[in-house]
1. For B:ALA166, indicate whether it is more than 15 Å from the chain's Cα centre (by Cα), surrounded by 24 or more Cβ atoms within 10 Å (Cβ to Cβ) and not acidic (Asp, Glu).
2. Residue check, B:GLY139 against (1) over 20 Å from B:ALA98 (Cβ atoms); (2) more than 10 Å from chain A (Cβ to nearest Cβ), all met but one. Which one?
3. Got a sec? Which of A:ALA173, A:ALA134, A:ALA149 is in a helix (DSSP H, G or I), within 30 Å of A:ASN218 (Cβ to Cβ) and of a type in the set (A, V, I, L, M, F, W, C)?
4. Would you point out the residue of region A:219-238, among those that are facing chain B (nearest Cβ under 7 Å) and under 11 Å from A:THR178 (Cα atoms), that is surrounded by the fewest Cβ atoms within 10 Å (Cβ to Cβ)?
5. May I ask you to say which residue of A:LEU75, A:LEU17 is over 22 Å from B:THR131 (Cβ atoms) and at pLDDT 90 or above?
6. What's the number of the condition A:ALA196 fails, among (1) within 30 Å of B:ASP83 (Cα to Cα); (2) buried (at least 20 other Cβ atoms within 10 Å of the Cβ); (3) of a type outside the set (S, T, N, Q); (4) at pLDDT below 95?
7. Quick check on my filter: what residues within region B:1-41 are part of a strand (DSSP E or B) and among the aromatic types (Phe, Trp, Tyr)?
8. Any residue at all in region B:79-93 that is more than 9 Å from chain A (Cβ to nearest Cβ), of a type in the set (Ser, Thr, Tyr), within 30 Å of A:PRO232 (Cα to Cα) and in contact (Cβ under 8 Å) with a residue 40 or more places away in the chain?
Amino acid sequence: MTPAAQRVERGDAVARLAVALPAGSDPDAAVDALATGLDTLPRHTRALVVTVSDGVGAGPRAGRCGELLDRLEALPMPTVAAVDGACHGLALAAALCCDVRIAGAAATLSLPAARPPDPGTVTRLVRATGQGVARDLLLTGRTVTGEEALCWGLVTRLAPDGVTAAAAASTLAAELATLSPEALAATKRLALAAAADAFADGLAAELALWREVRAGANAQEGLSAFADKRPPVFRGGG
Amino acid sequence: MSGVALHVGGAVAELELGAPPVNAFTPAFLQAVGSAVAAVPAEVGALVVTSSVPRVFAAGGDIGYMARAELAEQTRYVQLCQDVYGAFERIAVPTVAAIDGACLGGGLELALACDVRVVAENARLGLPEATLGILAGGGAIHRLVRAVGQAPARDLLLSGRRVTGAEAVRIGLASRLTAAGEATSAGRALAATLAGLDPDALGAVKAQAWGASEPCAAPGT
């Protein structure tokens, strides 16, 4: 593969999605935008950046919103949420569906207690942070900074000094987009299931998916490249 | 020469990994680890896992072997990994991993099956499998999620990122931090303390704590 072709493929492989509810905007419009984004995600997407901002709620269409959040969480490719400013209610609910959450210097996060969180959000929050801090966030509606959010597991990384979360997320997504799609998809599926399944079933699933992934060309490429001390070139699917 | 030694002194057993340069988990090495756990005498009250290789706990699977071996053979190898790591959970006495250096891939899978992880500031921990086009199939995906929750787990698993000893303690991947180079002595001291406690009580608590993450777990059981 030529370097130019690699560059093009890598550029196309990262998709972007915005979940934004500026003050005074129609919450249904944000839900529609999320639906459109998920419906039009290119088939060859290998990593997704989700920028989340403002908030609060999905209004009367909360049920539909819950389905969309489930779809966002279940996407097979890695998802990276970028939090650069206010991130409340639905914006944080969407971020909690992502695999990596990066906070910028000005990030503030909350799930306002005045309204019920969007469907699935309570479970996702507890599974992300544990009960220790989740019920405080849920019941008091308190707002936390990026650094507090990192301590609690509400985000998983802080953007480096002088770098926005959006830029840090793009950098990470570009790296993730070069990895083996089937290895990432299997790992993600197992990790999501690990919150609720019986351990013996989980071990059986890890072995079965390990075998399935190892049988593919990308696994052979990754192991051979490591043994040969050269960078691997993984092929995208779809 | 298996590269694995089991030292029994008083009430503490020490399983020492010693296969330079990186304690790579070849099938033979893993078999030796499993045999050593099975050979821990019944009167021992705690087991500590250490490494005699400087700056390395264990760097994980033997990639050269994995690149060459037949699929059926490798699947048996991953099953062996699950069995050997699980032995550190199934043994009734508390298990302590003393991590003074690189603890990657299978090395971290083994450490995650232990009850306590003591890490030095200069330790480096990670599961790089996804960056190699494979996955951590020895039970680490489930053990990591149960140890630290979804938030750090999916980040670490999908990016293959390595964390320092200090970050490992912050996210709950390890629970005790020491100065550089002092995890082994701290791990031995902890094992000696645990070995002085009531073994029946520790065994019961260990089993109950492990079971608490099962979906059927009910409060008070």
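The values are calculated or read from the model by the stated rules, or taken from the named source; none is laboratory data. Only a predicted model underlies this, so the values are computations on that prediction, with no experimental measurement involved. When we count neighbours, we look across all protein chains shown, and the Cβ atoms used for this are built from the backbone with ideal geometry, even at glycine.
1. no
2. All conditions pass for B:GLY139, except number (2).
3. After applying the criteria, what remains is A:ALA173.
4. By that ranking, first place goes to A:PRO232.
5. Working: A:LEU75 fails: over 22 Å from B:THR131 (Cβ atoms).
Matching residue, one of A:LEU75, A:LEU17: A:LEU17.
6. Tallying (1) within 30 Å of B:ASP83 (Cα to Cα); (2) buried (at least 20 other Cβ atoms within 10 Å of the Cβ); (3) of a type outside the set (S, T, N, Q); (4) at pLDDT below 95, A:ALA196 fails exactly one: (2).
7. B:PHE25
8. Checked region B:79-93: at least one residue is more than 9 Å from chain A (Cβ to nearest Cβ), of a type in the set (Ser, Thr, Tyr), within 30 Å of A:PRO232 (Cα to Cα) and in contact (Cβ under 8 Å) with a residue 40 or more places away in the chain.
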